[in-house]
Structures are given as C-alpha cells and as structure tokens.
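Visitor: Below is the structure I would like to discuss, written out as structure tokens.
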Amino acid sequence: MQNIPLGLFYWQWASNILSIGMSAAAALPVIMALTLLAGRRGNARMCIMGTQRLTRLALGLGLLGPLLTAADLAGTLISLGGSLNGMTLWDDAVLPYTTTVLAWVGGLCCLWVVAYMDKSSPLTAGLPDEDAAASKSGKGHSLRKGRRNPAPIEGSGTYDQLDGEAMRSRMFLYLLAGVCFFAAHALPNWSFSGPPQGMEWGRMVSAVLGTATHNYFTSFAPAGALALLSISVFYSGRARSSAATPDSFPAAVDLEKAVRWCALWALIGYIPRCIDRWGLFIGFSFSGQGLPDWLMPQITGLVPLTLAVACWAILFTLRSRLQVLWLNWLALALLAIRQSLPFITYLLKSTA
C-alpha cells in the first residue's frame, strides 16, 4: 500500500470488505445443493423455499466476483503506473483475470437458469397439499413423497416424477455453479506461461489447487453468515407485515432449523484456520522463540475472527435462535473489522 493514490487506497479497503460477499457467493451453490438433498429426508417445503431465496442472494452477491476481479486488475495497473501497453485480454499476464471473470460469469449463468426455473415452474407446486400443514406443525415431508393418488400431468407423468426431474436439474446446475466458482478461486494463481523456473507441473498444480481448496472451504463461513442475514431480514419482515397469512411464511420451528443449518456452515468454515493459527501462536510462545514477522499480523486479525466463530457457535447450540440473531450481525461486523485491520494499521502508521 505504499505510494498509491488515496482514492485507490480507499477503494482497496472497500474491496477487501466486499470480498466477504464475493466469498459467500462462491460457496452458496454447494450449500443449496446440500439443502435440497436434506429435503429428501424431510422438511421439503422449507428446504425448497430456502434454496429459492438463497439462489437470489447468490445471484446478487455473485456480481461482486467479476466486478472486484476487474477492479483488482485496474488497481494493479494504477499502482504500477502503467497500462496494458498493447497487451490483449488473452495475454499470459492478463489471462488470470480474464479467465476468473469468465468463471464467475459461467457460475452466475447457472444460477440464473435455476432462478428462472423457480419462477416458471417452482418445485413447491408439485408438493402435496398436506405438506403445507406439516410445515406449519413442524413435521416435514420428504421430497420423494407424492400424493396418494397423484394426478398425471400430460407429458410429465406423476408429481413424483416431475419433482425428481426438476430436482436433478437444479442439483446439477448448483454443482456446476460451484465448480465454476471454485475455478474462480484457482485461476488467479494459475501461471498460464508455465510453471516457474525449477518447478514441475505437478508441484504447481498441487500448490494452486491446495490453496484454492483451502480458500474455498473458508468461503462457507461468510456464506452461512449472509444466509443467516437473509433469514434475519425475512423474519423481521414477517413480524412487520400486516398482510402475512399462515401460508405466506414458514413456521417459527422451520426458521429455527434454518438458522441452525446456516450457523453450522458459518461455524465450520473458519474453525480449521483458527485452530491452525492459534496452534502456531501457542507453539512459538511456549518454545521461548519470538513470533515470526509473518505470524503477528495474522494473530491480530485472528482475534475478531475467533470472536465471530464464537457468535455462530452460540447460534448453533441455543434453542431459541431467532431471538439472538443479532449475534450474526455482530459476527459480520467482526469480519468487516478483520478485513479492515491492514488498512487501519497503515493509516495509524502514516499519521504517527
């Protein structure tokens, strides 16, 4: 962050915070696919409604992917005081950015198709009428369960067959979107001009995929957190809505299950990183050695991260989770503080 324009500095700060949403969008398709799978074992209507809402959330957040990638390229060029100098978007130096944007666009297209399917032929239309009553009473129905005497639909078979086909297509599109977003994590570090000197292809592939897998797994935490935020907005909207009817919203018991499910993903995303970094800190402290220069800044950012994990752990374990959803707001604020720490530190040093 040395010798860069002030406007670029603040944009990089904002971009670092917005990357929370971009990371969430990357992991949401996998969570939605697993939510649909969970619906096969019960709570069908709740799972379907949840994936429909999360699809729209992922579409909105996913737009940050190409935007922040393009802005990163522009910021790099500005900070270097240069330009493309005749290079095209397909040159080796620019390909990591170009292919990353294409990967994001591919994943967004998959999610758009799912959103279109949800609007034109929602899965809930094929559920039996008694499933709505079960949802209100807290007793879920399986997605495999159809009407006792299903009325055949011309060209589509029974309701069970129609739901099965629609389920498989949505599952495939969610997983394909997840693959695209995983590629968007790997491509920025890919060397299109070949492995660095002295490194074999196998080692480079292993290093890139290992880093991408680690970063993608941590994306489940912001994905779960922003899914919880969506539930908070949904729940508060239901409380304020004067036009709400019993069938307009899921029952409170279903929302409690949804909060627990999302809190689980928010919780597990950062636990390996916290254990790894705190383990290094404790190990160096008890060995009597000084902390390495690269570890201390990470420990500073690890404190708000650990507190955020504690907030999600409380949400996961409590019974009345809807009453303490404010803990997720606190956790998201702690994530924003963590993303801001390098920039706050720089400002403090520059003004000292």
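Visitor: Taking the highest mean first, how do the peptides 323-332, 218-227 order by number of other beta carbon atoms within 10 angstrom per residue?
Guide: Order by mean packing, descending: 218-227, 323-332.
Visitor: Length gain on complete extension for the stretch Thr76 to Ser191, per 0.36 nm per residue less the alpha carbon to alpha carbon distance?
Guide: 39.7 nm
Visitor: Here's another thing I want to ask about it. Write out the trypsin sites (Lys or Arg not before Pro) in region 262-352 meeting two conditions: DSSP loop, and at most 16 other Cβ atoms within 10 Å of their Cβ.
Guide: Arg319
Visitor: Over all directions, average the projected area of the Cα convex hull of region 4-65 and note it in nm².
Guide: 4.4
Visitor: How large is the charge dipole for region 242-348, taken about the Cα centre, if only the Cβ atoms of Lys, Arg (+1) and Asp, Glu (-1) carry charge, to the nearest 20 debye?
Guide: Approximately 120 debye in magnitude.
Visitor: What's the ranking of 295-303, 175-183 by average number of surrounding C-beta atoms within 10 Å, highest first?
Guide: 175-183, 295-303
Visitor: Provide the gained length on full extension for the span Val113 to Thr351, in nm with one decimal, where the gain is 0.36 nm per separating residue minus the Cα-Cα distance.
Guide: 80.6 nm
Only the coordinates and a few stated rules stand behind these numbers; no lab work does. The structure displayed is predicted, hence computed values, not measured ones. Reconstructed Cβ throughout: ideal geometry from the backbone, glycine too, with neighbour counts over all protein chains shown.
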